[in-house]
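Have a look at the structure below before the remarks.
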Amino acid sequence: MSKREELPVGVFDSGIGGLTVAREIMRQMPREKIVYFGDTARVPYGNKSRDTVLSYSEQIVRFLLSQDVKAIVVACNTASAYALPEIVKHCPVPIIGVVEPGAVTAARATRVGKIGVIGTKATISSGIYDQCIERIRPGTRVLGQACPLFVPLVEEGLWEDPVTDEIARRYLLELMNEGIDTLILGCTHYPLIRKTIGRIVGPSVQLVNPAYETAIELRDLLQRENLLASEAPGLGSAESQYRFYVSDMADQFRAFANSIIKYGILSAKTIRIDQY
Ligand code: DGL
């Protein structure tokens with residue numbers, strides 16, 4: 001039996017977006033093992049109802065627990081907004097999402113007190129970032145903009161493309177006109193088109209990628225719970241250290257994962273998530 005601290009961390013998203021969080025965990029905590037699940041058969045979550053996102057997320061949490069994870073990171077804003085508040089009530093291992101860490105950083109970063117948030121329809125209409133930021137820094141104006149076409153563009157690999165440029169311009173124009181100085185990338189897919197977004201909003205707007213702070217929060221949490229891994233990974237062990245599961249299209253996911261995460265050739269396995 002492995003010692004509890006040497007067990008993997010579970011990370012999940014509706015698709016490839018959560019890899020931006022997994023990548024940050026790998027960078028900041030190279031000893032940790034990860035079991036990643038991407039719900040590639042049912043992506044996108046961002047235009048589904050709260051009940052559907054909750055039941056999908058509960059299945060994924062059950063799957064990750066079956067893999068003996070010591071903690072779970074909900075690397076999806078939509079699931080963090082719609083499912084985490086419910087799941088946290090009965091999850092037997094520590095679980096965190098991506099919203100709180102991003103909100104804290106943005107609240108600290110803004111000078112003019114006006115923060116833009118871009119995300120899926122679900123995340124924006126849930127008002128979760130507004131509520132979090134109001135708690136942290138009352139009186140801050142939070143302007144939300146749903147960007148439903150970004151997820152399919154990212155999943156299609158159109159990260160640097162005139163079509164993405166044009167759509168981003170339309171989505172971001174209003175926020176720019178409102179004079180925001182901080183913009184939260186409130187969907188884990190968006191850091192993959194960060195260059196495009198940054199070019200359009202210009203250098204006076206600070207982009208907040210919650211992945212970075214989420215990894216810091218995870219480290220603090222594992223430390224508090226005495227769960228930080230201490231064993232150094234063996235040589236050439238990326239394959240055993242990082243395990244990837246999806247609900248469909250494993251080959252396509254694997255190609256994406258390998259272009260985002262530079263830790264050698266990773267493999268991905270398809271599972272029937274609806275059986276959990
Ligand atoms: N990457 C996810 C998020 O952070 C969800 C995208 C989607 O499935 O719509 O919200």
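The values are calculated or read from the model by the stated rules, or taken from the named source; none is laboratory data. All figures in this text were calculated on a predicted structure; none of them were measured in a lab. As a convention, Cβ positions derive from the backbone with ideal geometry for all residues, glycine included, and neighbour counts pool all protein chains shown. Remember, those area values only see protein heavy atoms, side chains included, never the ligands or the DNA or RNA. Shrake-Rupley method; radii C 1.70, N 1.55, O 1.52, S 1.80 Å.
The region of the chain that goes longest without hitting one of the GluC sites (Glu not before Pro) in a DSSP loop, each with at most 13 other Cβ atoms within 10 Å, is 1-155. Expressed as a whole percent, the accessible area of the range 1-108 that falls on carbon and sulfur atoms is 50 (1.4 Å probe). Each of Ser204 and Glu134 was given a label point 7 Å from its Cα along the Cα-to-Cβ line. The distance between the two points is 2.9 nm.
Of the chymotrypsin sites (Phe, Trp or Tyr not before Pro) found in the range 29-97, not one falls in a DSSP loop while having at most 14 other beta-carbon atoms within 10 Å. Judged by the ratio a/c of the largest to the smallest principal axis of the C-alpha gyration tensor, the range 126-276 counts as oblate, that ratio being 1.5 or greater while a/b is no larger than b/c.
Take the convex hull of the alpha carbons in the chain; its mean projected area over all directions comes to 13.9 nm². Can you give the Rg/Rh ratio of the range 196-276, where Rg is from the C-alpha atoms and Rh is the Kirkwood radius? In the range 196-276, Rg relative to Rh is 1.07.
Divide, for the range 145-208, the radius of gyration over alpha carbons by 2.2 N^0.38 Å, where N is the residue count.
On the way: Rg = 10.8 Å, N = 64, 2.2 N^0.38 = 10.7 Å.
Ratio of Cα Rg to 2.2 N^0.38 Å: 1.01.
Averaged per residue, the chain has 44 square angstrom of accessible surface, using a 1.4 angstrom probe with ligands and nucleic acids left out.
I'd like the antiparallel share, as a percent to the nearest 5, of DSSP beta bridges with both residues in the range 96-206. Before the final figure, lay out the partial values.
Details: 0 of 11 bridges.
Just about 0 percent of them are antiparallel.
Can you compute log10 of I(q)/I(0) for the range 115-183 with the Debye formula, treating each Cα as one identical point scatterer, at q = 0.14, 0.24, 0.27, 0.28 Å⁻¹? So the normalised log intensities are -0.47, -1.06, -1.19, -1.23.
The trypsin sites (Lys or Arg not before Pro) of the range 1-107 meeting both criteria, a DSSP state outside H, G, I, E and B (loop) and at most 16 other C-beta atoms within 10 angstrom of the site's C-beta, are Lys3, Arg31, Lys89.
A Förster radius of 30 Å combined with the Cβ-Cβ distance from Gln28 to Leu149 puts the calculated FRET efficiency at roughly 0.45. For Leu143, the residues whose modelled amide H falls within less than 5 Å of its own, excluding neighbours fewer than 5 places apart on the same chain, are Ile115, Gly116, Val117.
Extension gain for Glu239-Arg108 works out to 43.4 nm (0.36 nm per residue, less the C-alpha to C-alpha distance).
If contacts are Cα pairs under 8 angstrom and at least 6 residues apart, what is the relative contact order of the chain in percent?
Numbers: 517 pairs, mean separation 71.9, N = 276.
After rounding, I find 26 percent.
Shown here for the range 171-276: trypsin sites (Lys or Arg not before Pro) in loop regions (DSSP other than H, G, I, E, B) with at most 15 other Cβ atoms within 10 Å, namely Lys262, Arg272. P(r) tail, the range 20-177: Cα-Cα pairs separated by more than 19 Å, 61% of all pairs. Each 5 Å bin from zero holds the following percent of Cα-Cα pairs in the range 59-114: 4, 17, 25, 20, 12, 9, 6, 4, 2, 0.
As an exercise, take the mean of 1/r over every pair of distinct alpha carbons in the range 1-113, invert it, and state the Kirkwood radius in angstroms. List each step's numbers first, then the result.
Numbers: mean 1/r = 0.0682 Å⁻¹.
With all distinct Cα pairs of the range 1-113 included, I get 14.7 Å.
In summary, the lysines within cross-link reach of Lys33, defined as a Cα separation below 22 angstrom excluding same-chain residues under 8 places away, comprise Lys3, Lys70, Lys262, Lys269.
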